[in-house]
Amino acid sequence: MRTQIVIIGGGPSGMLLGQLLARAGIDAVVLERKTREYVLGRIRAGVLERGLVNLLEQAGVGARMKAEGFVHDGTLIAYDNDMFRVDFAALTGQTVLVYGQTEVTRDLYGAREAIGGDTRFEVDGVVIHDAGTESPFVTYEQHGAQHRIDCDFVAGCDGFHGVSRKTIPVSVRSEFEKVYPFGWLGILSETPPVNDELIYANSDRGFALCSMRNAALSRYYIQCDTGDDPVRWSDDAFWDELRRRIPPQAAEALVTGPSIEKSIAPLRSFVTEPMRWGRLFLCGDAAHIVPPTGAKGLNTAASDVHYLYQGLHQFYGEGDPEGIDRYSERALARVWKAERFSWWFSTLMHHYPGQSAFDKKMQLAELAFLRSSPEAQAAMAQNYVGLPY
Ligand code: APR
Ligand code: PHB
């Protein structure tokens, strides 16, 4: 068979791109390795920048997000047993929307099904052929049968462990990576959030984050060792450790309950360049990874999708390749700024194994400066709410 775009990966990147293309009359087939249920079972951060909110509305999936999402005007930063607030709205005129990534993906799946979009699940052995030519094609297996799809372009939206990035010859690719010496142990609990806004905490015992999905569903994280195991952490042990890492006024307000999900995520910064090779484009986690501290993973995937959609729309609509030719340059310019912010915030907020007393003093001095300087807070707020596309 033939289509215009083969999208590899049915996560947020692939599904958002597919939806935008469909609304512009550009055909795409989505190939997803897992089942629909598996994809929608993933628990991930849900702090949406204005740019992503706009894209989702443009894709026609903004209704539930606007009805159920929580507008956050700011966030709390805790250190030295106290907290201060960074007021996004006052400093930037912008806010963020708290709405789970799982719900974003669920809305995108619903929209694609409603238009009869071609999404193929449980595909195996995806191979991208002739991406360096003007006649790429993709082969894959599904339920024991071999398939081939000829196309104009391939969008590699298959995440960090996908095949797309590795299709680009090693001689062409440059990779940049930083692996952090700690992870995040996260739990989901059917309890009211400890605060209306997020609390990012730097403590001598390590980082902690108090977040939420809705008024009855809370999401908490504590920094843990890279080799740690969620099974080693009882709920009580988690709650006790979280209380030790947040200021007393928050610890006293904390409502605890049984965890309904408990997992550990490693922290990594990663970028591959270029994000285009011939007729293959990389989007989202296929091209870059950020530590979750700045909540930039989904939001940076969104700006990739924006640039790629604009380029494909320009190509098919006007026969002008300018947008796709500049895709990698444009996407990477914003990716690196998101990488910087995520690295800066992670370095500021975590306790590094073997950290010297001087290093700790540097963290506390930077936090004290951030607390005292409206300009420093404005710089942080601009990055947190999202830099322009
Ligand atoms: N063939 C088909 N599908 C694949 C393959 C493959 N070889 N490899 C991976 N996939 C699928 C995965 O099952 C997943 O559903 O590609 C999808 C990639 O989705 P994500 O990993 O969520 O990446 P992306 O869509 O770019 O979304 C980025 O997800 O991981 C978070 O923090 C990240 O919030 C960010 C967002
Ligand atoms: C989350 O709610 O899961 C979350 C929020 C903000 C972050 C990371 C994770 O920076």
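Fewest-first ordering of Leu298, Leu188 by other beta carbons within 10 Å of each residue's beta carbon gives Leu188, Leu298. Among Val154, Val127, the order by Cβ neighbours within 10 angstrom, fewest to most, reads Val127, Val154. Bridging of Lys337 to aspartates and glutamates at a Cα separation below 20 Å is possible for Glu49, Glu175, Glu177, Glu273, Asp285, Asp304, Glu329, Glu366, Glu375, once same-chain residues fewer than 8 apart are set aside. In segment 301-383, the C-alpha radius of gyration followed by the widest Cα-Cα span (Dmax) gives 19.2, 60 angstrom. Descending by average beta-carbon neighbour count within 10 Å, the peptides 332-340, 318-326, 206-214, 77-85 line up as 206-214, 332-340, 77-85, 318-326, the highest first. Extending 7 Å from Cα along the Cβ direction at Arg243 and again at Lys34 yields two label points whose distance is 3.4 nm. Working from Cα pairs under 8 Å separated by at least six residues, relative contact order for the chain is 20 percent. Using the empirical formula 2.2 N^0.38 Å as the baseline, the Cα radius of gyration of the chain reaches a ratio of 1.00. Full extension of the chain segment joining Val172 with Asp150 gains 5.5 nm, where the gain is 0.36 nm per residue of separation less the Cα-Cα distance.
Within the chain, antiparallel bridges make up roughly 75 percent of the DSSP beta bridges whose residues both belong there. Taking segment 314-351 and a reference point 7 angstrom along Cα→Cβ of Phe84, the backbone N atoms nearer than 16 Å belong to 348-349. Over the C-alpha atoms of segment 107-223, the Rg to Rh ratio, Rh being the Kirkwood estimate, stands at 1.13.
Put simply, when 307-315, 88-96, 108-116 are sorted by average Cβ atoms within 10 angstrom per residue, most first, you get 307-315, 88-96, 108-116.
Here Asp196 and Ser234 are evaluated by their C-beta separation; at R0 = 35 Å the FRET efficiency comes out at 0.80. Which value results for Rg/Rh of segment 211-354 when Rg is the Cα radius of gyration and Rh the Kirkwood radius based on the inverse mean 1/r? Ratio of gyration radius to Kirkwood radius for segment 211-354: 1.11.
Tell me the angle of helix 327-349 to the major Cα principal axis of the chain, expressed in degrees between 0 and 90 and rounded to the nearest ten. The angle comes out near 20 degrees.
Maximal additional length on extending the Glu261-His129 stretch stands at 43.6 nm, based on 0.36 nm per residue less the C-alpha distance.
Read-outs: derived from the displayed coordinates by stated rules, not from any lab. Here the structure is a predicted model, which is why all the values come from computation and not from measurement. Because the Cβ atoms are built from the backbone with ideal geometry, glycine has one as well, and the counts that use them run over all protein chains shown.
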